[in-house]
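What follows is a single structure, written as structure tokens, with notes after it.
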Amino acid sequence: QCFNIIGNGVVVNLDAFFSELDHNQVNREPGWEKRIMISAEAHLVFGVHAQVDGRQEASLSSTNKIGTTNRGIGPTYSSKCFRNGIRVADLMGDFEEFTERYMRLVEHYKKQFPTIDVDTTAELARFKEHRAKLMELNLVGDTVSRLHELRKQGRSVLVEGANGAFLDIDFGTYPYVTSSNATVGGACTGLGIPPTAITQVYGVVKAYQTRVGTGPFPTELKNEDGDRLQTIGQEVGVTTGRKRRCGWLDLFLLRRSAQINGYTAIALTKLDILDSFKEIKVAVGYRLDGEPLKAPPAQAAAWDRVEVEYKVFPGWELTTTGVRKWEDLPPKCREYVLFIESFIEVPIKWIGVGADRESLIVRQ
């Protein structure tokens, strides 16, 4: 009976949205349309945004590429901030006015990128169909009030984000970041819920580090160990299918993330991927030009000069996939987990030791 909300902070690709909803009908999920609401204040992704995304990325040198997914996310958020973006509410209003705004948006980008080639007639026809279907199913509404009602009823609210903390537009490894706030503050601005409503913040952390695309990665392993982590962990980007870069867990960054997000507990995932390693390292500090750092570099160029300080652990070299109790983990494995916990000063409540949902250790 979960009620699903797509908040105002999301940029919505309606083509993808309705493609996903088709799966609900194929899977015969009864009454799904009564359990979903899109914020009228969410911004829309158009074909021109995706084309701009690709052209902007192509214009950058190989060393400066952001590693965008080319789905138009960044340009849509740019339109939002430039204040010529188009929201779901605009689509649900007068369609002629929507069409005028859409054409102005396309022309705005064509002045910057003359090679843009968007079939505006076909896209407008699709959006007219989307509009009719949204109205028929009554999927658009005031999500702020709906959330407020649910909270007054005593319902629990679980907020899910899509990116890691250091892809946050403000606190991430700028400019190699996403275009919105992926830290806990994004839950408030992206849904319209007050900070006082957030009672628990769970950090989901792999037992090693990964990154897809370009950007700083001080603990990256460009060797056999990195390849093993990628292969055993099946580390492939969900959206793009690109292989993820892999390295040792960076506790210096994780502690910073805990400071920003105020984690009340940590879920440590994929611990079993480290089962076969003879030696395991974690980053415990950074030095820049020989001087210790208290915080990650703010300048993009400085990341290339970062030296990492490591703590080294002996590997446990035993399988953990069948373990379901904390005390049954190998002693060296428990030592590794306890060090992470003490370093970031946040309790690790859940430990993932396999791909199945049941492959979980819950610490009391």
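Please work out if F217 is assigned to a loop (DSSP other than H, G, I, E, B) and under 22 Å from G352 (Cα atoms). Let's see the steps before the verdict.
Values: assigned to a loop (DSSP other than H, G, I, E, B): yes; under 22 Å from G352 (Cα atoms): no.
Answer is no for this residue.
Can you tell me which residues in the range 18-49 are at pLDDT 95 or above and in a helix (DSSP H, G or I)?
G47, V48, H49, listed by residue number.
Cβ-Cβ below 8 Å, separation at least six or inter-chain, first residue in the range 117-134 and over 21 Å from V52 (Cβ atoms), second of a type in the set (V, I, T) and surrounded by 14 or more Cβ atoms within 10 Å (Cβ to Cβ): which pairs?
As it stands, the answer is L134/I38; L134/V88; L134/V140, since those pairs meet every condition given.
Determine whether S59 is touching a Gly at 6+ places or on another chain (Cβ under 6 Å) and more than 21 Å from V238 (Cα to Cα).
On the way: touching a Gly at 6+ places or on another chain (Cβ under 6 Å): no; more than 21 Å from V238 (Cα to Cα): yes.
When the stated conditions are applied, S59 does not pass them.
Give the range 280-304 a look and list any residue that's touching a helix residue (DSSP H, G or I) at 6+ places or on another chain (Cβ under 6 Å), closer than 30 Å to A355 by Cβ and buried (at least 17 other Cβ atoms within 10 Å of the Cβ), or say none.
Correct list: I280, V282, A283.
Please verify whether the range 305-320 includes one or more residues that are closer than 20 Å to Q209 by Cα, modelled with pLDDT of 95 or more and exposed (fewer than 11 other Cβ atoms within 10 Å of the Cβ).
Checked the range 305-320: at least one residue is closer than 20 Å to Q209 by Cα, modelled with pLDDT of 95 or more and exposed (fewer than 11 other Cβ atoms within 10 Å of the Cβ).
How many residues are out of contact with any Leu (no Cβ under 9 Å at 6 or more places or on another chain) and surrounded by 17 or more Cβ atoms within 10 Å (Cβ to Cβ) when one looks only at the range 256-266?
Residues of the range 256-266 out of contact with any Leu (no Cβ under 9 Å at 6 or more places or on another chain): 256-265.
Going one step further and asking which of them are surrounded by 17 or more Cβ atoms within 10 Å (Cβ to Cβ), we end up with 256-258, 261, 263.
Final tally of qualifying residues: 5.
How many residues are among the polar types (S, T, N, Q) and either under 23 Å from A295 (Cβ atoms) or in a helix (DSSP H, G or I) (or both) if we restrict to the range 153-178?
Of the range 153-178, the ones among the polar types (S, T, N, Q) are 153, 156, 163, 173, 178.
Those still in the list that are either under 23 Å from A295 (Cβ atoms) or in a helix (DSSP H, G or I) (or both) too: 163, 173, 178.
Matching residues across the range 153-178 total 3.
From the list G93, G161, G74, which one is within 28 Å of the chain's Cα centre (by Cα) and over 19 Å from R55 (Cα atoms)?
Numbers: G93 fails: within 28 Å of the chain's Cα centre (by Cα); G74 fails: over 19 Å from R55 (Cα atoms).
Every option except G161 fails the conditions.
If you scan the range 70-89, which residues turn out to be over 12 Å from H108 (Cα atoms), hydrophobic (A, V, I, L, M, F, W, C) and either buried (at least 21 other Cβ atoms within 10 Å of the Cβ) or out of contact with any Phe, Trp or Tyr (no Cβ under 9 Å at 6 or more places or on another chain) (or both)?
Correct list: I73, C81, V88, A89.
Test of understanding: among N70, N64, which residue is in the same structural domain as H130 (by TED's automatic domain parsing), within 22 Å of I6 (Cα to Cα), modelled with pLDDT under 85 and not in a helix (DSSP H, G or I)? Give the steps one after another, and end with the answer.
Numbers: N64 fails: within 22 Å of I6 (Cα to Cα).
One residue alone meets the criteria, N70.
Go through (1) within 25 Å of Y77 (Cα to Cα); (2) out of contact with any Pro (no Cβ under 6 Å at 6 or more places or on another chain) for T173 and report which single condition fails.
(2)
Let me confirm something: among E341, E335, which residue is without any contact (Cβ under 8 Å) to a residue 24 or more places away in the chain, in a helix (DSSP H, G or I) and either within 24 Å of the chain's Cα centre (by Cα) or closer than 19 Å to E279 by Cα (or both)?
Details: E341 fails: without any contact (Cβ under 8 Å) to a residue 24 or more places away in the chain.
Exactly one residue qualifies, and that residue is E335.
Can you pull out every residue in the range 129-158 that is basic (K, R) and either outside the structural domain of H43 (by TED's automatic domain parsing) or within 25 Å of the chain's Cα centre (by Cα) (or both)?
First, the residues of the range 129-158 that are basic (K, R): 131, 133, 146, 151-152, 155.
Within the range 129-158, R146, R151, K152, R155 qualify.
Name the pairs whose Cβ atoms lie under 7 Å apart, with the first residue in the range 136-158 and closer than 16 Å to I36 by Cβ, the second acidic (D, E) and in a helix (DSSP H, G or I), and 6 or more positions between them or separate chains?
Final answer for the pair search is L137/E33; L139/E33.
Do we find that A267 is over 19 Å from the mean Cα position of the chain (by Cα), assigned to a strand (DSSP E or B) and touching a residue at least 40 places away in the same chain (Cβ under 8 Å) in this structure?
Here the answer is no, as A267 does not meet what is asked.
Of the conditions (1) aliphatic (A, V, I, L, M); (2) farther than 21 Å from N223 by Cβ; (3) assigned to a strand (DSSP E or B), V284 satisfies every one except a single condition; which number is it?
Of (1) aliphatic (A, V, I, L, M); (2) farther than 21 Å from N223 by Cβ; (3) assigned to a strand (DSSP E or B), only one is false for V284: (2).
So how many residues does the range 136-148 have that are surrounded by 12 or more Cβ atoms within 10 Å (Cβ to Cβ) and modelled with pLDDT of 95 or more?
At the first step, the residues of the range 136-148 found to be surrounded by 12 or more Cβ atoms within 10 Å (Cβ to Cβ) are 137, 139-144, 146-148.
Restricting the remaining residues to those that are modelled with pLDDT of 95 or more gives 139-144, 146-148.
Matching residues across the range 136-148 total 9.
The values are calculated or read from the model by the stated rules, or taken from the named source; none is laboratory data. If you're wondering where the values come from, they're calculated on a predicted model, not measured in any experiment. All Cβ positions, glycine included, derive from the backbone under ideal geometry; neighbour counts span all protein chains shown.
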